[in-house]
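So the structure is just underneath, and the comments pick up after that.
The values are calculated or read from the model by the stated rules, or taken from the named source; none is laboratory data. Everything quoted here is computed from the prediction, not taken from an experiment. Neighbour counts are summed over all protein chains in view; Cβ atoms, including those assigned to glycine, are modelled from backbone coordinates with ideal geometry. Heavy atoms of the whole protein, side chains included, go into the accessibility calculation; ligands, DNA and RNA do not. Shrake-Rupley method; radii C 1.70, N 1.55, O 1.52, S 1.80 Å.
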Amino acid sequence: MLVALGIAGCHCGGDRGGAGRPDADGGVTLQRWATWPMPNSTAGLPNPQSFDMSRDDVALDRVTGLMWQRKLVDDPRSFADAGQACETLTLAGYDDWRLPSRIELVSILNLARVQPAVDPNVFPETPSDWFWTSSHAAGDAQTAWYVYFYFGYPNTELASSLFPWRCVRTAAPHRAPPAPRYDIQQETVRDVATGLVWQRSLPGGVFTWEGAGTYCAQLRLGNQPGWRLPSMTELLTLVDETAPTAPAIDTNAFPETPGEGFWSGSEFGGAHGMAWQVYFDRGNGLYGLTDASFRVRCVQ
């Protein structure tokens, strides 16, 4: 079942990251974190990906309310020129297109596959390449975030590099970001916009991927079961891309978080033996062998 697009109010907690704030250059408003449930491409997880493809040229994400350009122009551009291309695009009768933010572009990743890590029925002929987002790297105007659709992870690169681009627009009624973003309790933190409830304090030490999954399954906070490893895209919703130093997370909501790798529950390409991590020194994603050891933060 899809989570409704409306957002409830909240009267407690803090917010260091923020959404809907003007970009550093005063341009298009930048969505720095998810103000909607994060779609999932893994079976059994909440908010499964669902697109309306009744039109050939655009795809409407039923979970996020974002409308996407389906077919690409073979015209790699710099970060600035890619943003301009989207801002001047007229498609499907709309002229309010823009370059997606990091978290918006992450939302269409399909981590159950690679080459490309996106549903080819929804986004045909997508090259397995780096795609620009509209998000600058923290403290460095010469560097910006991209999402790599060969495997499926975000990272940063010089803004002068020439990458493909895919435009987006907000099709659902405008949803102002909740303020504050987080409902902070002693043991848990609820993200008001995504609906995810997170473990606030971390266990000591590190785990293999299987051990991390077992730990979450056995976790009881407030005597509540049902904890699990987050998908990589869910874990990426916690990244504060504006943080000038590690960790790249709201430290009021999640104190004493190390700038290290954290396990996600997403297997690499849907196959056994490798899985994804998110690194909270900057917020990039990476995959590795499941017998490696990383931190864990569970979700409900």
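When residue 145 is tested against (1) assigned to a loop (DSSP other than H, G, I, E, B); (2) open to solvent by less than 40 Å² (accessible area, probe 1.4 Å); (3) touching a Lys or Arg at 6+ places or on another chain (Cβ under 9 Å), exactly one condition is not met: (1). Restricting attention to segment 220-236, the residues being more than 13 Å from residue 46 (Cβ to Cβ), open to solvent by less than 10 Å² (accessible area, probe 1.4 Å) and in a loop (DSSP other than H, G, I, E, B) number 0. The single condition among (1) over 18 Å from residue 100 (Cβ atoms); (2) of a type outside the set (Asp, Glu); (3) at pLDDT 95 or above; (4) buried (at least 19 other Cβ atoms within 10 Å of the Cβ) that residue 39 does not satisfy is (1).
The set of residues in segment 178-192 that are not in a strand (DSSP E or B) and not basic (Lys, Arg) comprises 178, 179, 180, 185, 186, 187, 192. Of everything listed in (1) in a loop (DSSP other than H, G, I, E, B); (2) in contact with a Lys or Arg (Cβ under 7 Å, 6 or more places away or on another chain); (3) of a type in the set (A, V, I, L, M); (4) open to solvent by less than 40 Å² (accessible area, probe 1.4 Å), the single unmet condition for residue 72 is (4). Pairs meeting the criteria (first residue in segment 128-149 and at positive phi, second residue surrounded by fewer than 24 Cβ atoms within 10 Å (Cβ to Cβ), beta carbons under 7 Å, at least 6 apart or on different chains) are 139/244.
For segment 237-256, what are the residues that are buried (at least 21 other Cβ atoms within 10 Å of the Cβ) and either in contact with a Cys (Cβ under 7 Å, 6 or more places away or on another chain) or hydrophobic (A, V, I, L, M, F, W, C) (or both)? 238, 239, 243, 248, 249, 253, 254 - these are the residues of segment 237-256 that are buried (at least 21 other Cβ atoms within 10 Å of the Cβ) and either in contact with a Cys (Cβ under 7 Å, 6 or more places away or on another chain) or hydrophobic (A, V, I, L, M, F, W, C) (or both). Residue pairs whose Cβ atoms lie under 6 Å apart, separated by 6 or more positions or on different chains, with the first residue in segment 71-89 and in contact (Cβ under 8 Å) with a residue 60 or more places away in the chain and among the aromatic types (Phe, Trp, Tyr) and the second surrounded by 15 or more Cβ atoms within 10 Å (Cβ to Cβ) and in a strand (DSSP E or B), are 79/132; 79/144. Checking 137, 179 one by one, the residue that is open to solvent by less than 30 Å² (accessible area, probe 1.4 Å) and closer than 27 Å to residue 254 by Cα is 137 and no other.
Does residue 165 satisfy being in contact with a strand residue (DSSP E or B) (Cβ under 9 Å, 6 or more places away or on another chain), of a type outside the set (A, V, I, L, M), open to solvent by less than 30 Å² (accessible area, probe 1.4 Å) and not in a loop (DSSP other than H, G, I, E, B)?
Against the criterion (in contact with a strand residue (DSSP E or B) (Cβ under 9 Å, 6 or more places away or on another chain), of a type outside the set (A, V, I, L, M), open to solvent by less than 30 Å² (accessible area, probe 1.4 Å) and not in a loop (DSSP other than H, G, I, E, B)), residue 165 does not qualify.
Scanning segment 96-127 for residues that are within 20 Å of residue 85 (Cα to Cα) and either without any contact (Cβ under 8 Å) to a residue 12 or more places away in the chain or of a type in the set (Phe, Trp, Tyr) (or both) turns up 97, 123. When each of 64, 90 is tested for being buried (at least 19 other Cβ atoms within 10 Å of the Cβ) and among the polar types (S, T, N, Q), the lone residue that passes is 64. Apart from one condition, residue 175 fits all of (1) under 18 Å from residue 258 (Cβ atoms); (2) in a loop (DSSP other than H, G, I, E, B); the exception is (1).
Reported count of residues in segment 268-291, each being under 14 Å from the mean Cα position of the chain (by Cα) and open to solvent by 10 Å² or more (accessible area, probe 1.4 Å), is 4.
Pairing residues of segment 198-225 that are within 25 Å of residue 182 (Cβ to Cβ) and modelled with pLDDT under 95 with residues that are open to solvent by 30 Å² or more (accessible area, probe 1.4 Å) and small (Gly, Ala, Ser), at Cβ distances under 9 Å and at least 6 apart in sequence or on separate chains, gives 225/217.
Please verify whether segment 193-201 includes one or more residues that are closer than 17 Å to residue 100 by Cα and touching a Ser or Thr at 6+ places or on another chain (Cβ under 6 Å). Among the residues of segment 193-201, not one is closer than 17 Å to residue 100 by Cα and touching a Ser or Thr at 6+ places or on another chain (Cβ under 6 Å), which makes the answer no.
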